[in-house]
Amino acid sequence: MADDRQDSITGSDYLARQYGTDDALNIRIETHRRYGVAHQDVFEAVCREGLERGPAPAHILDLGAGTGNWYRAIRRLLPQETRYIGIDQSSGMVSRLEEMTDADPDAEVLVADAQTLPFADESFDWVGAHYMLYHVPRIQDAVNEAWRVLKPGGLFMAATNGDHQYQEFIELRDRVLHDLGLPPVRVHASRFDLESGLEYFPVPPDIVRWPSGFVFDQSGPALRYLQSGALFGGLSRQPDIWQAALDRCREAIESEIHRRGHFSVHSETGIFIAAKPG
Ligand SMILES: C[S@@+](CC[C@H](N)C(=O)[O-])C[C@H]1O[C@@H](n2cnc3c(N)ncnc32)[C@H](O)[C@@H]1O
């Protein structure tokens, strides 16, 4: 049973469940929007950090574009004619992105793998890989590919999480699994975070970081967030145990809200920014 519950966040089963459609990602984005304590919009911050380091880009590539968070920030902050190409390994994500970018003559989206990019060398001014490199089996290949398609003087930017993220959720999970007599779940969440990601860069990147997290005043949204992600590994595939775990989580979160008025979850987020020598 233990093996069945070790769910890798790079595995094709996991990726299909998480990103086959945008449902799970939308729950997490909505939770961030309503209960998040982020100090700024990360995707706008990526644009601002890029603009501080050089001219406005003409061509941008977005790896693992997901639901188009960076695309929307680019259209809010950069000149309208900036050429945007978004790729994602999930055709479900790409279909939704196609609907979003349908009327935009300077945007294109396609299904592709970040590890083998279908673009010529030195094609883009900016390449972004936001909250996605920890899902890629061969992270170094994806970073090398990003670097290859980047023009000299261009920027490779990767937003990701800090290594101590969601500590309160992790403690809650560990306590609940222990109380239910279940073995610990190991999720490879730190394959590419603001610390472990450093080793993949061909030149030392700048790192911009800031605190984030959630403050929940009710248990429902916190539970939906827990259900949408990887924190419990493959436990959700065992309905009886999964329900028992969720019930325990709900009790603990409600008791914390009763005592303190809120259930807070602390995290950290940030951006690596690397400039390709000109
Ligand atoms: C957590 S989402 C992030 C989406 C978006 N970048 C954002 O920050 O909102 C991760 C995305 O990476 C995509 N992805 C995972 N592995 C990939 C790969 N090898 N190549 C391209 N996309 C990938 C997933 O399908 C998913 O849409």
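The values are calculated or read from the model by the stated rules, or taken from the named source; none is laboratory data. Since this is a predicted model, take the numbers as computed values, not measurements. When we count neighbours, we look across all protein chains shown, and the Cβ atoms used for this are built from the backbone with ideal geometry, even at glycine.
Quick one: how many residues across the stretch 56-96 are assigned to a loop (DSSP other than H, G, I, E, B) and either crowded, with 21+ Cβ neighbours inside 10 Å or at pLDDT below 95 (or both)? Don't jump to the end; show me each part of the working.
Step one: of the stretch 56-96, the residues assigned to a loop (DSSP other than H, G, I, E, B) are 56-58, 64-68, 78-82, 89-90.
Now narrow it down to the ones that are either crowded, with 21+ Cβ neighbours inside 10 Å or at pLDDT below 95 (or both): 57, 64-68, 80-81, 90.
The qualifying residues number 9.
Of the residues that sit in the stretch 142-182 and are polar (S, T, N, Q) and part of a strand (DSSP E or B), which one is farthest from Ala252 (Cα to Cα)?
Thr160
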Residue under evaluation Ala112, criteria (1) farther than 23 Å from Asp41 by Cα; (2) away from the ligand (no atom under 13 Å from the Cβ), criterion not met = (2)
Which numbered condition Gln18 fails, given (1) at pLDDT 70 or above; (2) of a type outside the set (Phe, Trp, Tyr); (3) within 13 Å of the ligand (Cβ to nearest atom) | (1)
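Looking at Ser219, Ser190, Ser212, can you tell me which residue is in contact with a Lys or Arg (Cβ under 7 Å, 6 or more places away or on another chain) and among the polar types (S, T, N, Q)?
Values: Ser190 fails: in contact with a Lys or Arg (Cβ under 7 Å, 6 or more places away or on another chain); Ser212 fails: in contact with a Lys or Arg (Cβ under 7 Å, 6 or more places away or on another chain).
The match here is Ser219.
This table checks each residue for (1) more than 17 Å from the chain's Cα centre (by Cα); (2) within 20 Å of Gly68 (Cα to Cα); (3) at pLDDT 95 or above; (4) crowded, with 19+ Cβ neighbours inside 10 Å.
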{"site": "Pro105", "(1), (2), (3), (4)": "yes, yes, yes, no"}
{"site": "Glu108", "(1), (2), (3), (4)": "yes, yes, yes, no"}
{"site": "Asp121", "(1), (2), (3), (4)": "yes, no, yes, no"}
{"site": "Ala129", "(1), (2), (3), (4)": "no, yes, yes, yes"}
{"site": "Gln140", "(1), (2), (3), (4)": "yes, no, yes, no"}
{"site": "Val143", "(1), (2), (3), (4)": "no, no, yes, yes"}
{"site": "Leu150", "(1), (2), (3), (4)": "yes, no, yes, yes"}
{"site": "Leu155", "(1), (2), (3), (4)": "yes, yes, yes, yes"}
{"site": "Ala158", "(1), (2), (3), (4)": "no, yes, yes, yes"}
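Among what's in the stretch 208-260 and is in contact with a Gly (Cβ under 8 Å, 6 or more places away or on another chain) and surrounded by fewer than 17 Cβ atoms within 10 Å (Cβ to Cβ), pick the residue that is modelled with the highest pLDDT. If you could, list the steps in order and put the result at the bottom.
Let us first name the residues in the stretch 208-260 that are in contact with a Gly (Cβ under 8 Å, 6 or more places away or on another chain), namely 208-210, 212-214, 217.
When the remaining residues are screened for being surrounded by fewer than 17 Cβ atoms within 10 Å (Cβ to Cβ), the result is 209-210, 217.
Details: Arg209: 92, Trp210: 89, Asp217: 95.
The qualifying residue modelled with the highest pLDDT is Asp217.
Could you please give the count of residues in the stretch 37-55 that are within 13 Å of the ligand (Cβ to nearest atom) and either farther than 17 Å from Ser212 by Cβ or at pLDDT 85 or above (or both)? Don't jump to the end; show me each part of the working.
Here is the first cut: in the stretch 37-55, the ones within 13 Å of the ligand (Cβ to nearest atom) are 38, 41-46.
Next cut, either farther than 17 Å from Ser212 by Cβ or at pLDDT 85 or above (or both) only: 41-46.
Of the residues in the stretch 37-55, 6 are within 13 Å of the ligand (Cβ to nearest atom) and either farther than 17 Å from Ser212 by Cβ or at pLDDT 85 or above (or both).
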Which pairs do you get when a residue that is over 13 Å from Gly154 (Cβ atoms), found in the stretch 51-65, comes within reach of a residue that is polar (S, T, N, Q) and within 16 Å of the ligand (Cβ to nearest atom), reach meaning Cβ atoms under 8 angstrom, with the pair 6+ apart or on two chains?
-> Gly64/Gln89
